[in-house]
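Quick notes on the structure that follows.
The values are calculated or read from the model by the stated rules, or taken from the named source; none is laboratory data. This one's a predicted model, so the numbers in the text were calculated from it and none came from an experiment. Don't worry about glycine lacking a Cβ; one is built from the backbone with ideal geometry, like all the others, and counts go over all protein chains shown.
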Amino acid sequence: MIVFFLFVFFITNLTAQESMTIISISPFYTHGKYSNEIDSDSKALYGTLNLDGDLISTFGIDLISLKHNNWDYKQNTYYLSFTKKISDYYVKISGALCKGDYLDNKFSFLNYQDKNFSFTTEFIYKYNWQYYGVGFNYFNSSKGWQIVESGNLTLRYEAFLDYYNYLSVRPNIYLENKGKKLISISSKFIHWFNSDFLANISLTIGKRKYYFDNDLLTIYNQYETQKFVFGVALNYSLFNYLTISSGYQHKKFEEYNVNYFFLGFRSEFFL
């Protein structure tokens, strides 16, 4: 039921090259407009500690609310991620926990709580500025007495095409304990116009459900099946330690569409 988009700067691949300790703070606001007369608002905060590029840890919290004429929904989500560099290899361990409350404005017996838990482990190999990875995600979603368990197998190929362009391709296979199987592929293209300004275009085709992005630390815990995603983001460094990010994303589901608009900042402190 709940989907949201928060662009968090791709910390794991780029800042992992730094040879110093960095602390970064990233607040974000996202507004969503649904085709079925639902509005969503998300306020999130992420914090990252990068220890000389060898160990990166990130914590995030997101508070989201959805409003409809007949009901309200509020959800709190917590994220935690660790990336360990071992020579040319990376091990990424990420998790998310979210709890939601649905309140019907007319009939209280329709109220319910839902919980979602996601855990991802990924292994990545770096070779000549190219990244090859394989990751597995476990997802548990409960809505009242309904419980769904699923797994996602995601492959990764990412590369710096040259000094100004970066490409990411991540095919995904979704398997559900109720027998559902879905296949999708996500891609991202990043272009640096200069050292301060970059554009990010993302595209997902195919079907997916209960998905967790361990790069962006974004959880997609919608009950409906997602069919298509397109997004664009612009990032500009106002000065050395502060970057502003804004963008748009369109998502198509089987029953409705959603348009998201977001704005965020990232501040860095070097120790």
Would you check which residues across region 56-81 are surrounded by 14 or more Cβ atoms within 10 Å (Cβ to Cβ), among the aliphatic types (A, V, I, L, M) and within 21 Å of Lys92 (Cβ to Cβ) and list them?
Ile56, Leu80
Take the conditions farther than 27 Å from Asn128 by Cα and either at pLDDT below 90 or within 20 Å of the chain's Cα centre (by Cα) (or both) and apply them to Leu49. Does it pass?
no
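Being aromatic (Phe, Trp, Tyr), over 17 Å from Leu216 (Cα atoms) and touching a residue at least 60 places away in the same chain (Cβ under 8 Å): is that true of Tyr112 here? Explain how you work it out, then say what you get.
Values: aromatic (Phe, Trp, Tyr): yes; over 17 Å from Leu216 (Cα atoms): yes; touching a residue at least 60 places away in the same chain (Cβ under 8 Å): no.
Criteria not met by Tyr112.
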Listed by first then second residue, the pairs whose first member lies in region 159-182 and is more than 27 Å from Tyr125 (Cβ to Cβ) and at pLDDT below 95, whose partner is of a type in the set (Asp, Glu) and in a strand (DSSP E or B), with beta carbons under 6 Å and at least 6 positions apart or on separate chains, are Asn177/Glu149
Search region 255-271 for residues that are within 28 Å of Gly53 (Cβ to Cβ) and pair each with any residue that is part of a strand (DSSP E or B) and modelled with pLDDT under 90 when their beta-carbon atoms are under 8 Å apart and the residues are at least 6 apart or on different chains.
Glu268/Ile22; Phe269/Ile22; Phe270/Thr21; Phe270/Ile22; Leu271/Thr21; Leu271/Ile22
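Would you check if Leu45 is in contact (Cβ under 8 Å) with a residue 60 or more places away in the chain, under 24 Å from Phe262 (Cβ atoms) and part of a strand (DSSP E or B)? Write out each step before concluding.
Details: in contact (Cβ under 8 Å) with a residue 60 or more places away in the chain: no; under 24 Å from Phe262 (Cβ atoms): yes; part of a strand (DSSP E or B): yes.
In short, no.
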For region 1-42, enumerate the residues that are modelled with pLDDT under 95, over 12 Å from Arg266 (Cβ atoms) and part of a strand (DSSP E or B).
Ile2, Thr21
